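The values are calculated or read from the model by the stated rules, or taken from the named source; none is laboratory data. As the structure is a prediction and not an experimental result, all values here were calculated from the model. A quick note on method: Cβ atoms are made from the backbone with ideal geometry, for glycine too, and the neighbour counts reach across all protein chains shown. Note: accessible area is taken over every heavy atom of the protein model, side chains too, but ligands, DNA and RNA are not part of it. Shrake-Rupley method; radii C 1.70, N 1.55, O 1.52, S 1.80 Å.
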Amino acid sequence: MENSSCFFKNTACSYFPCHKGLDSSEFNCLFCYCPLYPREVCPGNPTFITKDDGTKIKRCTDCTFPHKPENYERIMNLLRVTKNEIDIAEYHHGGEQVARAGEAKMTDFSVNTNPLGLPEGVKSAIQNAIPDLERYPDQNCTRLREKLAEKLRISFGMTILPEHIICGNGASELISLVTNAISPKNALLLTPTFSGYEKALKSARAKVQYHFLKAESDFALDETVFDSIQKNKPDMISLCSPNNPTGRLIEKPLLEKIAAQCDESGIFLVVDECFLDFTEHANETMFRFVEENPHLVVLNAFTKIYAMAGIRLGYLATSNPALLHKINALRPEWNVSTLAQIAGEAALDERSYIEETRTLIKQEREYLSKELKALGFRVFPSDANFILFEVNFQKCEENSQSDNDKSGSETNNKFKKNLNMSENFDKLLLENGIFLRNCGNFTGLSEKFYRTAVRTHEENVLLLKKLRALVAKCATVQTDSEEFHK
């Protein structure tokens, strides 16, 4: 091992030499460990090296800002974040409305987890694990990673090494970890999509560019994404398939083409498949390409498909050794609890539960979409366990009920004509005990867009009954779309 204030080489490291193509004079382990390395403007004034694969990295060997003890305070000041340095909006998610209202026992259509609930086998495993809670969990999730690799092999005929899998405290933690590990300068996002990607990218000080999905194309991703890639030249792209909140799958040939181009161009591609298991296309998972594409990272979670939102468990896979090393270096100790690991192992034993879920979701999604259209809403196609629709009400009718119904009149008179309908409709939903996900805080969507979960038939019937009552109180305004009433 060589070591100095500005040069560090650990030849005993299991990942050495991870920067293939660099000679010994250029190689420096500070590439992995320096806390200042990810910063867009590094105080060490580094030079840049182009690797054999075209990737540009910083050369820290001649650093002019060595990590000596007397520089410690200066380094810490550079790393400290002030409120004005990062402009991150406050993000809201489904389920928060119910939690704030204290209505935990009510059916919540704003959260898109499995309507069948936590599997019985998982419940039993959690109960049986109580005696083990006095011990620390396995911080490497060894058995769970081995079981995940085996499940992928049996289910899809692919080989992913257990050491290429990392488990986390839900997909959200993993999104943050992989983003900070890659530390992109420029990133490309679809919009609308899950806000967690943007939050992680902005926290990593990445410049975020957007590829806008269009309502007139039913929010489907198409070949124009390559124009955005060419124009913005991102270091990292985040995709969600099926996408949240649109529910649209990215077509298999297109997604594979994007992955191939990213690998060729040295762009990291992060694919979130947290809703893929609800579809009939689970065998099209991008986990199939992890071992052959070092620029591909694939995410999934137990949260949605196994209704384990409160347990928090997700996983990712990548074959990139340097990236794996960085993610693990950033990952907190014991980030996955004993209960989460045991619940995950038990969930992977479920067979009929998944098939029953897919059958239910397909049947109820078709039913719910048809009935929402019949109510006059603009309903967008979905491949997932949730549906995006647009509300086009302009005002509430103040006297839709009989004049003899005094209480009804008092309720309706709370809403005056010509008030903002997004606010009125939200109030009506809440007063009638309906919890939908208003999508107004998704980039690219307005307050008129809502996402509803697809739940059991009885729950969906109840939702539609209450929505019909609300529609009777409201005047519908025709949109410009010819598809609106079809």
Check: How many Å² of accessible area per residue for the stretch 182-271, probe 1.4 Å?
Finding: 40
Notebook entry, point to check: Is the stretch 277-356 rounded, prolate or oblate when judged by the Cα gyration tensor, a ≥ b ≥ c being the square roots of its eigenvalues, rounded requiring a/c under 1.5 and prolate requiring a/b larger than b/c?
Noted result: oblate
Next item on the list: For H457, H325, write out the residues from largest to smallest accessible area, computed with a 1.4 angstrom probe and no ligands counted.
Entry: H457, H325
Margin query: Taking the full set of protein chains and a 1.4 angstrom probe, give the accessible area of R205 in square angstrom, rounded to the nearest 10.
Written below: 90
Next item on the list: Would you mind classifying the stretch 270-320 by shape? Square roots of the alpha carbon gyration tensor eigenvalues, ordered a ≥ b ≥ c; an a/c under 1.5 is rounded, otherwise it is prolate if a/b is larger than b/c and oblate if not.
Entry: oblate
Check: Which whole-number value in Å² is the accessible area per residue of the stretch 278-344, probe 1.4 Å?
Finding: 32
Notebook entry, point to check: Which value, in Å to one decimal place, does the Kirkwood hydrodynamic radius take for the stretch 353-396 when every pair of different Cα atoms is included?
Noted result: 11.5
Check: With a sphere of radius 15 Å drawn around the Cβ of Q363, what net charge do the other residues whose Cβ falls strictly inside it have (Lys, Arg +1; Asp, Glu -1)?
Finding: -4
Check: N293: net charge of surrounding residues, Cβ under 11 Å, Lys/Arg +1, Asp/Glu -1, itself excluded?
Finding: -4
Note to self: Can you give me the Kirkwood hydrodynamic radius for the stretch 210-281, using every pair of distinct Cα atoms, in Å to one decimal?
What the structure shows: 12.8
Check: Which percent of the accessible area of the stretch 229-273 is formed by carbon and sulfur heavy atoms (probe 1.4 angstrom)?
Finding: 46
Check: In the structure displayed, which of K123/K304; K252/K304; K427/K448; K214/K362; K214/K448; K202/K257 lie more than 19 Å apart, Cα to Cα?
Finding: K252/K304; K214/K362; K202/K257
Margin query: With the crude spin-label approximation of a point 7 Å out along Cα→Cβ, what separation in nm comes out for T456 versus A282?
Written below: 2.1
Check: For the stretch 119-159 and the stretch 299-353, what is the separation of their C-alpha centers, rounded to whole Å?
Finding: 9
Check: What is the sum of charges around N460, taking Lys and Arg as +1, Asp and Glu as -1, for the other residues whose C-beta is under 10 Å from the C-beta of N460?
Finding: -1
